[in-house]
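Asks: Here it is: the structure, laid out below.
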Amino acid sequence: MLILERIISLVIGYFFGIFATGYLYGKAKKVDIRNVGSGNTGSTNTLRSLGIKAGIITLLGDCAKCILAIITVGLIFHKNDPQTVEILQLYAGVGAIIGHNHPFYLNFKGGKGIACTSGFILAICPFEVPVCLFLFIAVVALTRYVSLASIVVAVSFFVQILIFAHFGWFSLTGRNLIELYAVSAFIMCMALFRHRSNIKRLLNGTENKIGAKGKQ
């Protein structure tokens with residue numbers, strides 16, 4: 001039964017995640033965000049292609065949909081024991097990120113999941129926010145690479161999970177805690193995989209810096 005509940009939570013999360021804020025905002029402005037900039041529907045490309053307002057709206061929308069997915073699953077399964085609910089909420093968050101990255105109605109080509117992952121962090125482990133936010137701002141300020149900052153945050157997210165879990169900051173125990181590690185590692189790996197082309201350009205020195213024009 002718990003396997004079915006995990007699948008249901010993933011599916012619920014997925015259908016929240018496919019709300020492609022950047023794509024829908026662009027459509028409202030008669031612009032297909034997939035045909036400009038990097039072709040990505042996430043907040044970075046929306047910011048580069050449609051401006052600050054569009055970037056902020058996309059960031060908030062993509063962050064919020066993950067939070068809403070997690071809250072919804074919590075409400076649906078609230079009668080389960082607390083640890084089970086927390087595990088199911090993890091899967092809702094993962095589902096939202098997958099939906100964001102691979103929306104079926106956009107030929108499974110969406111964003112890179114960082115804004116959505118930020119929603120996951122806010123909902124599941126808000127005590128990670130200060131370090132993640134500091135690292136993102138610091139890396140962007142020092143290098144002007146949003147992609148590098150996103151990669152650093154993704155890795156930091158997983159490292160902090162391990163550290164805070166070691167000190168007992170999570171209520172999960174036993175196999176549930178191991179599942180938290182597994183889900184968090186999966187989220188980190190998804191982010192790194194989605195940024196594989198950025199990583200290659202960073203290594204080659206050809207990655208676009210924030211404020212620079214041209215295809216990301």
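Asks: Restricting to the stretch 19-36, what's the tally of residues that are crowded, with 16+ Cβ neighbours inside 10 Å and within 22 Å of residue 97 (Cα to Cα)? Steps first, answer last, please.
Replies: In the first step, residues of the stretch 19-36 are kept if they are crowded, with 16+ Cβ neighbours inside 10 Å; the result is 19-23, 25-26, 31, 33-34, 36.
Subset that is within 22 Å of residue 97 (Cα to Cα): 19-23, 25-26, 33-34.
Within the stretch 19-36, residues that are crowded, with 16+ Cβ neighbours inside 10 Å and within 22 Å of residue 97 (Cα to Cα) number 9.
Asks: Still on this structure: Out of all the residues in the stretch 128-148, which are in a helix (DSSP H, G or I) and touching a residue at least 40 places away in the same chain (Cβ under 8 Å)?
Replies: 140, 143, 146, 147, 148
Asks: Still on this structure, please answer the following. Being polar (S, T, N, Q) and within 16 Å of the chain's Cα centre (by Cα) is the filter here; which residues of the stretch 1-58 pass it?
Replies: Scanning the stretch 1-58 gives 21, 40, 41, 43, 44, 45, 46, 58.
Asks: Can you pull out every residue in the stretch 144-174 that is modelled with pLDDT of 95 or more, of a type in the set (Val, Ile, Thr) and surrounded by fewer than 19 Cβ atoms within 10 Å (Cβ to Cβ)?
Replies: Scanning the stretch 144-174 gives 152, 155, 159, 163.
Asks: Looking at 163, 151, can you tell me which residue is assigned to a helix (DSSP H, G or I), under 18 Å from residue 42 (Cβ atoms) and among the hydrophobic types (A, V, I, L, M, F, W, C)?
Replies: The conditions single out 151.
Asks: In addition: With the condition kept exactly as written, say whether any residue in the stretch 188-208 is closer than 23 Å to residue 127 by Cβ, of a type in the set (Ser, Thr, Tyr) and out of contact with any strand residue (DSSP E or B) (no Cβ under 6 Å at 6 or more places or on another chain).
Replies: no
Asks: Further question on the same structure: Might you check whether a residue that is within 18 Å of the chain's Cα centre (by Cα) and free of Cβ contacts under 8 Å to residues at least 12 places away in the same chain occurs anywhere in the stretch 117-127?
Replies: Yes: the stretch 117-127 contains one or more residues that are within 18 Å of the chain's Cα centre (by Cα) and free of Cβ contacts under 8 Å to residues at least 12 places away in the same chain.
The values are calculated or read from the model by the stated rules, or taken from the named source; none is laboratory data. Bear in mind the structure is a predicted one, so any value in this text is a computation, not a measurement. When we count neighbours, we look across all protein chains shown, and the Cβ atoms used for this are built from the backbone with ideal geometry, even at glycine.
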